[in-house]
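Asker: I have a structure I would like to understand better, so I am pasting it below and will then ask my questions one at a time.
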Amino acid sequence: AKEAGRNNVCCYSSDLHHHAQEQASLALALRHALQREELEVYYQPKVELKTGRVTGVEALLRWHHPELGQVSPERFIPIAEDNGLILPISDWVLETGLQQLRDWDEMGLPALNIAVNLSARQFSDPNLARNVVSKLRQYEIDAHRLELELTESMVVQDPAHAISVMRSIQESGARLALDDFGTGFSSLGQLRHYPIDTLKIDRTFVQELAEDKQDQAISRAIIAMGKTLGLTVVAEGVENEVQVTFLKQHHCDQIQGYHISRPVPQGRFIAWYRQQLTK
Ligand code: C2E
Ligand code: CA
Ligand code: CA
Ligand code: CA
């Protein structure tokens, strides 16, 4: 019920029935998506503002539905959360990402880090940290090269428990990022209690950086607070040079967004990365 309004799909009661039917058929199709190889991981680079260096990628899940075409993760992740499929799917994303990192290493490319999104279900799974550690071992990836992205909503419900889960992940050596920061209910002040390494400024603040004085002030405050706490600050959803200039001026560490690259399949990412390396 908590997530019911998330997609904003149904505005009229006549749509409600149709919407429920659609959800049910998507849920059914999703059950087969993994074994039918309809899922794919796309990669979106993160770039260090000071140097222009590519530091790593974020893994973003894609579903190529045989009839519907691309289904947005905004639509199918909540369904997978509800029916529990999110756990095997998330495992698959993590494994695919770690395997990809190994393949890129073996191609002799400068080492990249990978960020993977955590779902609420995973976050409340008591085996999370153990699972992450065993996958890192299995794929022989140094823990610090993996960053797990979580959102404030996963933390605010039970902060004390969340913090202990976060600590257990950090003890494994993996890093933690707070995603979509600024959209949740935690204040800047609460940040200092969270054991995190990275703060990602939500793209809604970045979007109107050029024209919106309030968004400028919020972004400045988030960057300043993040830096004060010793965190790496990443701006997501960067689409133009004006945003880049602003973020550089205010010492944001890294950017991610269409201005650099859209999320793309691994082959296209590597072609792009090689080109960056020759610049
Ligand atoms: P997110 O983690 O906040 O991911 C960033 C979203 O912003 C991605 O949408 C990305 O394609 C999009 N984006 C990146 N740069 C720009 C830009 O410059 N402009 C605009 N307008 N958008 C940009 P995407 O891939 O559709 O994913 C949506 C959400 O679905 C993600 O938001 C994340 O919450 C969730 N998600 C995606 N993959 C996974 C996954 O493997 N596991 C889990 N649990 N959630 C995932
Ligand atoms: Ca993310
Ligand atoms: Ca985000
Ligand atoms: Ca605004």
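Asker: Where a ≥ b ≥ c are the square roots of the eigenvalues of the C-alpha gyration tensor, would you call the range 58-140 rounded, which needs a/c under 1.5, or, failing that, prolate if a/b is larger than b/c, or oblate?
Answerer: The shape class here is oblate.
Asker: Taking GluC sites (Glu not before Pro) as candidate sites, keep only those in a DSSP loop with at most 14 other Cβ atoms within 10 Å, then name the longest stretch of the chain containing none of them.
Answerer: Longest gap between qualifying sites, sites excluded: 68-139.
Asker: Give me D for the range 122-192 in µm² s⁻¹, whole number, from Stokes-Einstein with Rh from the Kirkwood sum over alpha-carbon pairs, 25 °C and 0.890 mPa s.
Answerer: 192 µm²/s
Asker: Another one. Where in the range 144-183 does the label zone of Q190 land, with the point 7 angstrom along Cα→C-beta and an amide N cut-off under 16 Å?
Answerer: Correct set: 150-166, 178-183.
Asker: When a/c reaches 1.5 or more, the comparison of a/b and b/c decides; with that in mind, is the range 169-266 rounded, prolate or oblate per its Cα gyration tensor?
Answerer: Taking the square roots of the gyration eigenvalues as a ≥ b ≥ c, the range 169-266 is oblate.
Asker: Here's another thing I want to ask about it. In what order do W104, W63, W272 fall by count of nearby beta-carbon atoms within 10 Å, going from fewest to most?
Answerer: By the 10 Å Cβ count, ascending: W272, W104, W63.
Asker: Setting aside same-chain residues fewer than 8 positions from K248, which lysines have a Cα under 16 Å from its Cα?
Answerer: Partners found: K46, K50, K200, K227.
Asker: Principal axes first, then extents: for the Cα atoms of the chain, list largest minus smallest coordinate on each axis, whole Å, largest first.
Answerer: 50, 46, 37
Asker: If you don't mind, there's one more thing I want to ask. Give the order of V238, V165 when sorted by the count of other beta carbons within 10 angstrom, beginning with the fewest.
Answerer: Fewest-to-most Cβ neighbours within 10 Å comes out as V165, V238.
Asker: Next question. Calculate the FRET efficiency for E211 and L68 from the Cβ-Cβ distance with a Förster distance of 35 Å, rounded to the nearest 0.05.
Answerer: With R0 = 35 Å, the Cβ-Cβ based efficiency is 0.45.
Asker: Using the Kyte-Doolittle scale, which helices in the chain average at least -0.5 and also have C-alpha atoms spread 24 Å or more along the helix axis, with helices defined as whole DSSP H runs?
Answerer: Counting only whole DSSP H runs, the qualifying helices are 13-33, 86-106.
FYI, it's all coordinate maths here, none of it is from the lab. If you're wondering where the values come from, they're calculated on a predicted model, not measured in any experiment. So basically every Cβ, Gly included, is an ideal-geometry build from the backbone, and we count neighbours across all protein chains shown.
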